[in-house]
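First comes the structure, then the notes that go with it.
Derivation of every value follows stated rules applied to the coordinates shown; laboratory data play no part. This is a predicted model, so every value here is computed, not measured. No Cβ is skipped: glycine too gets one built from the backbone with ideal geometry, and neighbour counts run over all protein chains shown.
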Amino acid sequence: MNRRPTIRDVASAVGVSVTTVSHALNDKGRVDASTRERVRTTASRLGYRPDPTALRLRSGRNGTLALLLPSVEPDIAEDELGALDYYLHLAGAATRAAFAAGHPVLLTPPLETADDLHDLGVDGGIICDPLRSDQRVEFFEKLGLPVVTIERDLGRPELPWVVRADNEGNTRALLDHLATAGAERIALLAPSGGWGWAEETTAAYETWCREHGREPLVEEASMRTQERSGYLAAARVLERERPDAIVSLAERYTNGVLRAATERGLRIPDDVRVAAAVDSHQARDADVTAIDLRPGAQGAAAIQLVLERLAGERRSEPLITTAELRVRSSS
């Protein structure tokens, strides 16, 4: 096997010192332009690449970025959030974008303390769907590590390093579609607990209802065991309010809504229209109208932002990604 060229090989070939080569390759020190060009040309010809271990020791960085998904179960083995279609696509796209920029990605277990984060040895991270005043954001800030969130931490509304969907605009587009299709009593199944996207969507729904003279019908459902929670919430609202449309905010509520409607002899969409605020393979398989949040674009954008923070760039406002309403037979 051929020996890997070293910085000393480059220095010898050019006829300069190791220090001069280092300064020329790293844009440091006083090296005249012609020497700098000869060093770089020779390094490229020899196939020289800086030793990553040495770079990490000098910079104090290893290039690894943390990706933190939300969790709702104390036993991570029973937590279904990490297996949701949205997070799988987001994590895959974020990983590809990071790899393309030369950075490894670490999908972390739940973090309890700043020491847990410190022990991972990452340079920065992305927190998906933070709760209000999420302590994980505080862990990064305490360690002086750059962090980006996907969706807003409602306890830190001033933070600009955020990738978010246009939750207000997306909600209006979906409700306008349902109203145009003939729905007059639209119910919303929403989780509580401080999720930024859920509170923003619920607020947009309530505003839309006031503007259109409709009575808001909000039914709370849990983020745990989502399909069962969606089923129970849909059963309650169908028996009490008899809406002619139901919008489910969490990904796996949708199958529960369909089951609750079918068990009551309701036809979809003739008796009740069904729509989802998050598209998924369940929604596609059941031909349910849904908002495609384009999680792949969100994951890639979050990598872009955390790399900008690492580079010392500034930002004044969140990055808002576009979504698309997928109209299907359920509405």
Next item on the list: With label points built 7 Å along Cα→Cβ from the Cα atoms of R172 and L107, find their separation and express it in nm.
Entry: 3.6
Item checked: Selected from E251, E219, E141 as most flexible by GNM, with the chain as the system and alpha-carbon contacts under 10 Å -> E141
Checklist line | Alpha carbon convex hull of segment 167-292, projected area averaged over orientations, nm² | finding: 6.7
Item checked: Sequence of C209, C128 once ranked by neighbouring C-beta atoms within 10 Å, starting from the fewest -> C209, C128
Next item on the list: State, as an integer percentage, the relative contact order of the chain based on alpha-carbon contacts under 8 Å between residues 6 or more apart.
Entry: 17
Notebook entry, point to check: Per-residue HN-Hα couplings for segment 42-48, Karplus 6.51 cos²θ - 1.76 cosθ + 1.60 at θ = phi - 60°, whole Hz, x for Gly and Pro?
Noted result: 5, 4, 5, 5, 7, x, 6
Next item on the list: Excluding T322 itself, calculate the net charge of residues whose Cβ lies under 11 Å from the Cβ of T322, where each Lys or Arg counts +1 and each Asp or Glu counts -1.
Entry: -2
Check: What ³J(HN,Hα) values, in whole Hz, does the Karplus curve 6.51 cos²θ - 1.76 cosθ + 1.60 give for segment 188-203 when θ = phi - 60°, with x put for Gly and Pro?
Finding: 10, 9, 10, x, 9, x, x, 6, x, 4, 6, 5, 5, 5, 5, 5
Note to self: Could you work out the relative contact order of segment 233-331? I mean the mean sequence separation of Cα pairs under 8 Å and 6+ apart, divided by the number of residues, in percent.
What the structure shows: 28
Next item on the list: Using θ = phi - 60° and the Karplus relation 6.51 cos²θ - 1.76 cosθ + 1.60, list the HN-Hα couplings for segment 251-264 in order, rounded to whole Hz, with x at every Gly or Pro.
Entry: 4, 8, 4, 4, 5, x, 4, 4, 5, 4, 5, 5, 4, 9
Notebook entry, point to check: Amide H neighbours of V148 under 5 Å, counting only residues 5+ apart in sequence or on other chains, H built in-plane at 1.01 Å?
Noted result: G125, I126, I127
Next item on the list: Kindly provide the trypsin sites (Lys or Arg not before Pro) of segment 234-287 that DSSP labels as loop, not H, G, I, E or B, and whose Cβ sees at most 12 other Cβ atoms within 10 Å.
Entry: R267
